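The values are calculated or read from the model by the stated rules, or taken from the named source; none is laboratory data. The structure displayed is predicted, hence computed values, not measured ones. A quick note on method: Cβ atoms are made from the backbone with ideal geometry, for glycine too, and the neighbour counts reach across all protein chains shown. Side chains are part of the model used for accessible areas, which takes the heavy atoms of the whole protein and leaves out ligands, DNA and RNA. Shrake-Rupley method; radii C 1.70, N 1.55, O 1.52, S 1.80 Å.
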Amino acid sequence: MKFGILINEGPYTHQATDSAYQFTKAALEKGHEIFRVFFYHDGVNNATKLTEPPQDDRNIVNLWSALAKEHNLDLVVCVAAALRRGIQEENLAEGFRISGLGQLIESGIQADRMITFGD
Amino acid sequence: MSEEASGVVKKFLYINRKAPYGTVYALESLEVVLIAAAFDQDVSLAFFDDGVYQIAKGMDTKAIGQKNFSPTYKALGDYDINKIYVSKESLDARGLSKDDLMDLKYEDEDDDWAEKDSIHIVNSEELADLMDSQDVILSF
(Lines give C-alpha, C1' and ligand atoms only; values in the text may rest on other atoms or scores of the structure.)
Protein backbone atom coordinates (compact mmCIF):
# COMPACT_ATOMS: atom_id res chain seq x y z
CA MET A 1 0.00 0.00 0.00
CA LYS A 2 1.06 3.57 -0.66
CA PHE A 3 0.92 5.85 2.41
CA GLY A 4 1.01 9.61 2.76
CA ILE A 5 2.13 10.83 6.19
CA LEU A 6 1.27 14.19 7.77
CA ILE A 7 3.04 15.32 10.94
CA ASN A 8 1.49 18.26 12.76
CA GLU A 9 3.51 18.50 15.97
CA GLY A 10 7.11 19.35 16.78
CA PRO A 11 9.65 17.06 18.42
CA TYR A 12 9.80 16.14 22.13
CA THR A 13 6.74 18.09 23.38
CA HIS A 14 4.51 15.61 21.57
CA GLN A 15 5.02 11.95 20.72
CA ALA A 16 3.43 12.49 17.29
CA THR A 17 6.66 12.58 15.32
CA ASP A 18 8.06 9.55 17.21
CA SER A 19 4.91 7.60 16.38
CA ALA A 20 5.06 8.75 12.76
CA TYR A 21 8.70 7.69 12.56
CA GLN A 22 7.96 4.25 14.03
CA PHE A 23 4.97 3.82 11.69
CA THR A 24 6.95 4.88 8.63
CA LYS A 25 9.84 2.57 9.51
CA ALA A 26 7.50 -0.37 10.17
CA ALA A 27 5.56 0.24 6.95
CA LEU A 28 8.76 0.32 4.89
CA GLU A 29 10.02 -2.87 6.56
CA LYS A 30 6.73 -4.55 5.61
CA GLY A 31 7.31 -3.56 1.99
CA HIS A 32 4.83 -0.70 1.79
CA GLU A 33 5.57 2.52 -0.02
CA ILE A 34 5.71 5.95 1.65
CA PHE A 35 4.73 8.49 -1.00
CA ARG A 36 5.75 11.46 1.12
CA VAL A 37 6.11 12.68 4.71
CA PHE A 38 4.74 16.20 5.05
CA PHE A 39 5.56 18.43 8.03
CA TYR A 40 3.03 21.11 8.94
CA HIS A 41 2.15 23.38 11.90
CA ASP A 42 4.84 22.91 14.60
CA GLY A 43 5.79 19.72 12.75
CA VAL A 44 8.23 21.87 10.74
CA ASN A 45 10.39 22.00 13.88
CA ASN A 46 11.34 18.39 13.19
CA ALA A 47 13.45 19.63 10.31
CA THR A 48 16.05 21.86 11.96
CA LYS A 49 19.62 20.63 12.14
CA LEU A 50 20.18 22.87 15.17
CA THR A 51 18.34 20.28 17.28
CA GLU A 52 20.66 18.93 19.97
CA PRO A 53 19.02 16.72 22.60
CA PRO A 54 20.99 15.27 25.57
CA GLN A 55 23.21 12.35 24.53
CA ASP A 56 21.05 9.71 26.21
CA ASP A 57 17.94 10.85 24.33
CA ARG A 58 16.94 10.02 20.76
CA ASN A 59 17.73 12.63 18.12
CA ILE A 60 14.47 12.64 16.16
CA VAL A 61 15.77 14.91 13.43
CA ASN A 62 18.74 12.64 12.75
CA LEU A 63 16.48 9.57 12.83
CA TRP A 64 14.36 11.08 10.04
CA SER A 65 17.44 12.08 8.05
CA ALA A 66 18.86 8.56 8.32
CA LEU A 67 15.58 6.92 7.34
CA ALA A 68 15.25 9.28 4.39
CA LYS A 69 18.74 8.40 3.21
CA GLU A 70 18.19 4.65 3.58
CA HIS A 71 14.82 4.58 1.79
CA ASN A 72 15.03 7.66 -0.44
CA LEU A 73 12.09 9.17 1.49
CA ASP A 74 10.56 12.48 0.43
CA LEU A 75 10.49 14.65 3.58
CA VAL A 76 8.69 17.91 2.79
CA VAL A 77 8.40 20.92 5.08
CA CYS A 78 5.65 23.48 4.44
CA VAL A 79 7.27 26.76 3.46
CA ALA A 80 4.72 29.11 5.06
CA ALA A 81 4.65 27.18 8.34
CA ALA A 82 8.46 26.91 8.28
CA LEU A 83 9.14 30.61 7.71
CA ARG A 84 6.74 31.49 10.55
CA ARG A 85 8.87 29.37 12.85
CA GLY A 86 12.37 30.26 11.69
CA ILE A 87 13.01 27.14 9.63
CA GLN A 88 14.95 28.03 6.49
CA GLU A 89 17.28 26.39 3.96
CA GLU A 90 20.34 27.29 6.05
CA ASN A 91 19.19 25.37 9.13
CA LEU A 92 17.41 22.56 7.29
CA ALA A 93 18.58 19.07 8.26
CA GLU A 94 19.78 16.57 5.66
CA GLY A 95 17.06 14.78 3.71
CA PHE A 96 14.40 17.46 4.18
CA ARG A 97 13.20 19.89 1.53
CA ILE A 98 11.04 23.01 1.79
CA SER A 99 8.01 23.27 -0.50
CA GLY A 100 4.38 24.36 -0.64
CA LEU A 101 1.10 23.05 0.73
CA GLY A 102 0.26 21.71 -2.72
CA GLN A 103 2.62 18.85 -1.87
CA LEU A 104 0.27 17.83 0.95
CA ILE A 105 -2.77 17.87 -1.33
CA GLU A 106 -0.85 15.88 -3.96
CA SER A 107 0.04 13.36 -1.27
CA GLY A 108 -3.67 12.96 -0.47
CA ILE A 109 -4.43 12.42 -4.15
CA GLN A 110 -1.58 9.98 -4.88
CA ALA A 111 -1.51 7.90 -1.70
CA ASP A 112 -3.92 5.06 -0.97
CA ARG A 113 -4.12 6.17 2.66
CA MET A 114 -3.32 9.51 4.26
CA ILE A 115 -2.32 9.23 7.92
CA THR A 116 -2.10 12.20 10.29
CA PHE A 117 0.08 12.26 13.38
CA GLY A 118 -0.68 15.10 15.77
CA ASP A 119 -3.00 16.25 18.51
CA MET B 1 -15.30 19.74 -12.62
CA SER B 2 -14.38 16.07 -12.81
CA GLU B 3 -14.57 16.03 -16.61
CA GLU B 4 -12.04 18.85 -16.86
CA ALA B 5 -9.61 17.59 -14.25
CA SER B 6 -6.59 15.91 -15.75
CA GLY B 7 -6.18 13.38 -13.00
CA VAL B 8 -7.96 11.75 -10.12
CA VAL B 9 -10.71 13.56 -8.23
CA LYS B 10 -10.94 12.52 -4.62
CA LYS B 11 -13.29 13.58 -1.88
CA PHE B 12 -11.36 15.67 0.66
CA LEU B 13 -12.90 16.59 4.00
CA TYR B 14 -11.23 19.20 6.18
CA ILE B 15 -12.32 18.93 9.79
CA ASN B 16 -11.94 21.94 12.04
CA ARG B 17 -12.28 21.24 15.75
CA LYS B 18 -10.34 24.00 17.46
CA ALA B 19 -11.16 27.61 18.40
CA PRO B 20 -9.99 30.22 15.89
CA TYR B 21 -7.50 31.79 18.29
CA GLY B 22 -5.43 30.28 21.08
CA THR B 23 -3.68 27.92 18.65
CA VAL B 24 -2.64 28.32 15.02
CA TYR B 25 -4.53 25.24 13.76
CA ALA B 26 -7.60 27.11 12.45
CA LEU B 27 -5.57 29.64 10.47
CA GLU B 28 -3.19 27.06 9.03
CA SER B 29 -6.11 24.75 8.18
CA LEU B 30 -7.71 27.56 6.21
CA GLU B 31 -4.42 28.00 4.35
CA VAL B 32 -4.52 24.33 3.32
CA VAL B 33 -8.14 24.65 2.17
CA LEU B 34 -7.33 27.67 0.00
CA ILE B 35 -4.46 25.79 -1.66
CA ALA B 36 -6.67 22.70 -2.05
CA ALA B 37 -9.12 24.77 -4.08
CA ALA B 38 -6.56 24.98 -6.89
CA PHE B 39 -6.40 21.17 -7.24
CA ASP B 40 -9.87 20.50 -8.68
CA GLN B 41 -10.73 18.07 -5.92
CA ASP B 42 -14.13 17.54 -4.29
CA VAL B 43 -13.72 19.59 -1.10
CA SER B 44 -15.95 19.69 1.97
CA LEU B 45 -15.40 21.39 5.31
CA ALA B 46 -16.76 20.33 8.67
CA PHE B 47 -16.78 22.39 11.85
CA PHE B 48 -17.36 20.80 15.19
CA ASP B 49 -16.37 21.06 18.87
CA ASP B 50 -14.82 24.53 19.44
CA GLY B 51 -14.22 24.66 15.67
CA VAL B 52 -17.72 26.10 15.27
CA TYR B 53 -16.35 29.38 16.67
CA GLN B 54 -14.14 29.70 13.57
CA ILE B 55 -17.13 30.77 11.49
CA ALA B 56 -18.93 32.78 14.18
CA LYS B 57 -19.84 36.28 13.03
CA GLY B 58 -18.80 39.57 14.59
CA MET B 59 -15.22 38.56 15.34
CA ASP B 60 -13.01 41.36 16.74
CA THR B 61 -9.40 40.45 17.48
CA LYS B 62 -7.97 43.89 18.26
CA ALA B 63 -7.54 43.15 21.96
CA ILE B 64 -5.38 40.06 21.36
CA GLY B 65 -3.15 41.74 18.78
CA GLN B 66 -3.81 39.13 16.09
CA LYS B 67 -5.12 39.46 12.57
CA ASN B 68 -8.82 38.68 12.18
CA PHE B 69 -8.82 36.08 9.41
CA SER B 70 -12.53 35.24 9.58
CA PRO B 71 -13.45 37.33 6.47
CA THR B 72 -11.46 34.79 4.42
CA TYR B 73 -14.17 32.16 5.02
CA LYS B 74 -16.56 34.38 3.07
CA ALA B 75 -14.34 34.03 0.01
CA LEU B 76 -14.57 30.22 0.01
CA GLY B 77 -17.69 30.29 -2.19
CA ASP B 78 -15.69 32.05 -4.90
CA TYR B 79 -13.18 29.18 -4.77
CA ASP B 80 -15.98 26.63 -5.42
CA ILE B 81 -15.80 25.50 -1.81
CA ASN B 82 -19.46 25.47 -0.86
CA LYS B 83 -20.05 22.32 1.15
CA ILE B 84 -19.68 23.44 4.73
CA TYR B 85 -21.09 21.20 7.46
CA VAL B 86 -21.56 22.40 11.03
CA SER B 87 -22.36 20.13 13.96
CA LYS B 88 -25.73 20.83 15.54
CA GLU B 89 -24.64 19.23 18.81
CA SER B 90 -21.53 21.42 18.99
CA LEU B 91 -23.62 24.56 18.35
CA ASP B 92 -26.21 23.51 20.96
CA ALA B 93 -23.56 22.75 23.58
CA ARG B 94 -22.22 26.29 23.20
CA GLY B 95 -25.58 28.06 23.14
CA LEU B 96 -25.10 28.96 19.47
CA SER B 97 -27.40 28.71 16.46
CA LYS B 98 -27.02 29.24 12.70
CA ASP B 99 -27.83 32.94 13.30
CA ASP B 100 -24.56 33.31 15.21
CA LEU B 101 -22.56 32.11 12.20
CA MET B 102 -21.34 34.15 9.26
CA ASP B 103 -23.55 34.14 6.19
CA LEU B 104 -21.44 31.94 3.92
CA LYS B 105 -22.89 31.75 0.41
CA TYR B 106 -21.98 30.74 -3.11
CA GLU B 107 -23.36 31.27 -6.59
CA ASP B 108 -24.62 28.05 -8.17
CA GLU B 109 -23.42 27.97 -11.77
CA ASP B 110 -25.82 25.09 -12.55
CA ASP B 111 -28.79 27.14 -11.35
CA ASP B 112 -28.39 30.47 -13.17
CA TRP B 113 -25.88 31.67 -10.56
CA ALA B 114 -28.49 31.72 -7.82
CA GLU B 115 -27.04 32.61 -4.43
CA LYS B 116 -27.24 29.68 -2.05
CA ASP B 117 -26.23 28.83 1.50
CA SER B 118 -22.93 26.98 1.85
CA ILE B 119 -23.62 26.06 5.47
CA HIS B 120 -25.49 22.89 6.36
CA ILE B 121 -26.28 22.15 9.99
CA VAL B 122 -25.94 18.40 10.56
CA ASN B 123 -26.27 16.00 13.47
CA SER B 124 -23.63 13.49 14.60
CA GLU B 125 -25.12 10.69 12.54
CA GLU B 126 -25.02 12.80 9.37
CA LEU B 127 -21.45 13.85 10.16
CA ALA B 128 -20.48 10.21 10.57
CA ASP B 129 -22.03 9.38 7.16
CA LEU B 130 -20.22 12.35 5.65
CA MET B 131 -16.87 11.18 7.03
CA ASP B 132 -17.58 7.65 5.88
CA SER B 133 -18.07 8.83 2.29
CA GLN B 134 -14.69 10.61 2.04
CA ASP B 135 -11.39 9.50 0.47
CA VAL B 136 -9.11 11.79 2.46
CA ILE B 137 -9.83 13.39 5.83
CA LEU B 138 -7.56 16.04 7.29
CA SER B 139 -8.40 17.09 10.82
CA PHE B 140 -6.97 20.27 12.31
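So which of A:81, A:111, A:26 is under 28 Å from residue B:15 (Cα atoms) and free of Cβ contacts under 8 Å to residues at least 12 places away in the same chain? First the steps, then the outcome.
Details: A:81 fails: free of Cβ contacts under 8 Å to residues at least 12 places away in the same chain; A:111 fails: free of Cβ contacts under 8 Å to residues at least 12 places away in the same chain.
Only one candidate qualifies: A:26.
When the test is whether a residue is among the charged types (D, E, K, R), open to solvent by 70 Å² or more (accessible area, probe 1.4 Å) and more than 14 Å from every other protein chain (Cβ to nearest Cβ), residue B:108 does not pass it. The helices (runs of 4 or more DSSP H) falling completely within the range A:2-119 that include 1 or more residues that are touching a helix residue (DSSP H, G or I) at 6+ places or on another chain (Cβ under 7 Å) and more than 14 Å from chain B (Cβ to nearest Cβ) map to A:16-29, A:60-71. If you go through the range B:12-70 and keep only what is within 14 Å of chain A (Cβ to nearest Cβ) and either at positive phi or in a loop (DSSP other than H, G, I, E, B) (or both), you end up with B:17, B:18, B:19, B:22, B:23, B:24, B:40, B:41, B:49, B:66, B:67, B:69. Are any of the residues in the range B:120-134 open to solvent by 20 Å² or more (accessible area, probe 1.4 Å), under 29 Å from residue A:110 (Cα atoms) and in a loop (DSSP other than H, G, I, E, B)? Yes, the range B:120-134 has at least one match.
Considering every residue within the range B:80-90, establish whether at least one is closer than 20 Å to residue B:37 by Cα, touching a residue at least 24 places away in the same chain (Cβ under 8 Å) and open to solvent by 80 Å² or more (accessible area, probe 1.4 Å). Yes. Applying the condition of being touching a residue at least 12 places away in the same chain (Cβ under 8 Å) and part of a helix (DSSP H, G or I) to the range B:91-105 and asking which residue is most open to solvent (accessible area, probe 1.4 Å) yields B:98.
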